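Comments concern the structure below.
No lab work stands behind these numbers, since they all come straight from the coordinates. In this text the structure is predicted, and so the values were computed from the model without any measurement. Cβ coordinates were reconstructed from backbone atoms using ideal geometry, including for glycine residues, and neighbour counts include every protein chain displayed.
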2 protein chains.
Amino acid sequence: MSHPPITVAIQGEVGSFSHAAAVLLHGSSIRLVPCPEFDEIFHAVASGEAERGIVPIENSLAGPVHENYDLLGVHALHVVAEMQVRIRHCLIARPDTVLADVRRVASHPMALAQCRRFFAAHPTLEAVPSYDTAGSVRDLMARHLPAEAVIGPARAAELYGAAVLERDLEDHADNFTRFLAVAREEAPAPERGTAAKISVVFTLPQGPGTLHRALGAIATRGLDLTLIESRPVAGRPWEYVFYVDVLGSANGPVSEALASLKGCARDFRVLGVYSPADGGTSRAP
Amino acid sequence: MSHPPITVAIQGEVGSFSHAAAVLLHGSSIRLVPCPEFDEIFHAVASGEAERGIVPIENSLAGPVHENYDLLGVHALHVVAEMQVRIRHCLIARPDTVLADVRRVASHPMALAQCRRFFAAHPTLEAVPSYDTAGSVRDLMARHLPAEAVIGPARAAELYGAAVLERDLEDHADNFTRFLAVAREEAPAPERGTAAKISVVFTLPQGPGTLHRALGAIATRGLDLTLIESRPVAGRPWEYVFYVDVLGSANGPVSEALASLKGCARDFRVLGVYSPADGGTSRAP
């Protein structure tokens, strides 16, 4: 008897880059829970409607997805895995459309932000923010979109019977999005001797040198800080919540570093301990 | 004989929060150069079309304005001043509109991001991104906007003859935007004994502990790091450019700290030395 497929919540629709990330982690036999907004991913997982949530957290051209940092901070879910997806953007239209017909180009704001050069080279085109790349292709085919073309994955054009007018619209070929998988339970600890990534969130006491002291807990143990992201604290202007990723080995001095970091910080929480997407280096493949 | 008014480039239109920031710095006798996009501010100043550019860099609820960090990095302009503007958002409509008529609410994406609770409380309202708060009020009155209401400053409603349907839409009353003024020349050095803010940008060599070492140049001299923001390096996935603000005093150990920081970093550049908006503390008024 086979197991029922795992339910995975994504923002967007079948054929989106988030769908590709979900398939990378769990294979193609998954039951997808498409969500219009990012916060609905977190609610779907918290309520049990989905077993996993797939959350884009950072793009190598456009930078962090702020809203998802904020959502990781307020929801009590665990980060259980990390995936990297190569992002190649196409200009997608209905099969009867030629480039000269296109005035408005719709896509998710993160996708638009990765194609700034394309818009600079085509000043007559208007960028129209939409909720999803693949969902916009579907809406385009159903003539429910106030645009003549969409920026999105070639896979979405195939799925919905649309045509690809141009390929590789992204500002740089080295375009990757890093996704996190979130769940209600922690991931099993990475095997001893393998690489482990630890995501933590904390605030700091006031005063000079507090961030330096906190990062010292990591640096003095030879661990690699692969990411630091600061987000504002609502109601306390110019105070920040810090999100930090540390790369270590599963039997290294990680717990000692975390205890020391916790001693320097306030509101400290481990978001997750998991295997890094690329097997240990902090660079893309 | 009076001097001609200073020309100041802003993103957006008369009545916007950027306009308020320009008036805060230079008074109301200015000649405004309204720009649809942020990068046009930088081009206007670089070309001499404007003497100053006013750049929103960070909001205390929504966080950094990424694009403007990237533009500070690629343009060779100097940061010469900092201003803080209290941001109060109103729901603005044509005088004959009542709340029940409103389906789509347009505003700049940064303004929409400061009013998440308002949209959560009104799930039938659709947020429509637009290029400017004040410009959208003007377009609303001219019936050139695909929306029935705009989120923006009360001042814009007054200016363009629109009505305020609701006030204080922002998620939290402590809502401030920090603006930077950019110019072709450096600012005069702040007077000895007064507070000085220094903005720098740099990348780091690979390897564990490099950020900790760089921040040590600041921390060991008792200087206050008020901001750290990382932005991706195009074409080098998961490598970052760091933007750092340091608060010191104009005759303190600042130049020693900068020399030491430069020794730890790569591609180091001072963006500007200027008087902080709030006279020395790193907190909002």
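Once the mean of 1/r is taken over each pair of separate Cα atoms and inverted, segment B:220-269 shows a Kirkwood hydrodynamic radius of 12.3 Å.
Note on segment B:33-106: Cα convex hull, mean projected area over all directions, 7.1 nm². Taking the Cα centre of segment A:195-274 as reference, the dipole from Cβ charges on Lys and Arg (+1) and Asp and Glu (-1) amounts to some 160 debye. For segment A:118-185 versus segment B:1-78, the inter-centroid distance based on Cα atoms is 32 Å. Averaged over peptide A:216-225, the number of partner chain Cβ atoms lying within 10 Å of each residue's Cβ comes to 4.
A simple spin-label model places the labels of A:N251 and B:R104 6.1 nm from each other, with each point 7 Å out along Cα-to-Cβ. The tail of the calculated P(r) for segment A:151-274, taken as Cα-Cα distances beyond 18 Å, holds 63 percent of the pairs. The residue of chain B whose Cβ sits closest to the rotation axis that maps B onto A, together with that distance in whole Å, is B:P129, 2. In this structure, the amide hydrogen of B:V65, modeled 1.01 Å from its nitrogen in the peptide plane, lies closer than 5 angstrom to those of B:E58, B:N59, counting only residues at least 5 positions away or on a different chain.
The amide H of B:D224, built 1.01 Å from its N in the peptide plane, has B:L247 as neighbours under 5 Å, considering only residues 5 or more places off or on other chains. Computed from label points 7 Å out along Cα-Cβ, the spacing between B:E185 and A:H3 is 7.0 nm.
Computed from backbone phi with θ = phi - 60° and the Karplus coefficients 6.51, -1.76 and 1.60, the 3J(HN,Hα) list for segment A:92-107 is 10, 9, 5, x, 8, 9, 10, 3, 5, 7, 8, 10, 10, 10, 9, 5 Hz; x is used for glycine and proline.
Annotation: extensible slack from B:R143 through B:A120 equals 5.6 nm (criterion: 0.36 nm per residue apart, minus Cα-Cα distance). Looking at the protein assembly as shown, send over the antiparallel percent of its DSSP beta bridges, to the nearest 5. Bridges in the protein assembly as shown are about 75 percent antiparallel.
For A:K197, the aspartates and glutamates whose Cα falls under 15 Å of its own Cα, not counting residues fewer than eight places away in the same chain, are A:E82, A:E186, A:D224, A:D245, A:E256, A:D278. A simple count of charges around A:H89, restricted to other residues whose Cβ falls under 13 Å of its Cβ and scoring Lys, Arg +1 and Asp, Glu -1, yields +2.
Per-residue Karplus couplings for segment A:11-16, computed as 6.51 cos²θ - 1.76 cosθ + 1.60 with θ equal to phi - 60°, are listed in order as 8, x, 10, 3, x, 7 Hz, Gly and Pro entered as x. A simple packing score, the average count of other Cβ atoms within 10 Å per residue, orders the peptides A:95-105, A:188-198, A:53-63 as A:53-63, A:188-198, A:95-105, with the highest score first. Net charge in the neighbourhood of A:I10 (other residues with Cβ under 12 Å of its Cβ; Lys, Arg +1, Asp, Glu -1) is -2.
Check which residues have an amide H placed less than 5 Å from B:H108's amide H, if you skip close sequence neighbours. For B:H108, the qualifying residues are B:S130, B:D132, B:T133. Let me test this: with uniform point scatterers at the alpha carbons of the protein assembly as shown, what is the Debye-based log₁₀ I(q)/I(0) at q = 0.08, 0.10, 0.11 1/Å? For the protein assembly as shown, the Cα-only Debye profile gives -0.56, -0.90, -1.10. Divided by 2.2 N^0.38 Å, where N counts the residues, the Cα radius of gyration of segment A:90-166 comes to 0.94. Principal axis analysis of the Cα atoms in chain A yields extents of 62, 55, 36 Å, listed in decreasing size. Taken one residue at a time, the phi angles of segment A:173-189 give Karplus couplings (6.51, -1.76, 1.60, θ = phi - 60°) of 5, 7, 10, 10, 10, 9, 10, 10, 9, 10, 8, 6, 10, 5, 6, x, 4 Hz. Gly and Pro are set to x.
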